[in-house]
Amino acid sequence: MIVMLLLRDTPQSCGLPPIEKHRHDYPANYSAEHERTFTFKEIFFGYVLTNRFLWAIAIANAFVYFVRYGVVNWIPTYLQTAKGFNFKESGLAWTAYRTGGPSPALFCAAGFRSGLQGAAGTCDPFFSWRSRSRVSLSTA
């Protein structure tokens, strides 16, 4: 919230001149129209609601949450009825599933910052494999 309140979008939002004017560095195709600020309504109706890719991501995200909701709420029942787990074992398996997701992400972030000098692509395949194996082992 602090960042949202203190962060400014452009120099003009703080009453300063555009950066091009300050540096005397105008691009070849510059016009004063480039400095116009859009209203919320123009952005929302012109760029957000009409963007097909945002709608595709929103629909895909809804389906991901349907699956996530199903797994989180029904996996203990499934483990007890179909796999023969007792109440305590199904609770432990569910806990392992829930805590198994953040750990690879944290290790990946630590490796990304310290040992790999910013090469995130190096550790992505390993930790994505780790996440897939966690899901397959928890339901096996």
Next on the checklist: Based on the alpha-carbon set only, what is the convex hull volume of region 4-89 divided per residue, in Å³?
Outcome noted: 222
Checklist outcome for this item: Expected sort for Ser103, Ser90 with the fewest Cβ neighbours (10 Å cutoff) up front is Ser103, Ser90
Item to check | Vicinal HN-Hα couplings computed from phi for region 59-72 (Karplus, 6.51 cos²θ - 1.76 cosθ + 1.60; Hz; Gly/Pro x) | outcome: 5, 4, 5, 4, 5, 4, 6, 4, 5, 4, 4, x, 5, 5
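Any read-out appearing in this document is the output of simple, stated calculations on the displayed coordinates, not a laboratory observation. This is a predicted model, so every value here is computed, not measured. Counting neighbours? That spans all protein chains shown, and the Cβs are built from the backbone with ideal geometry, glycine included.
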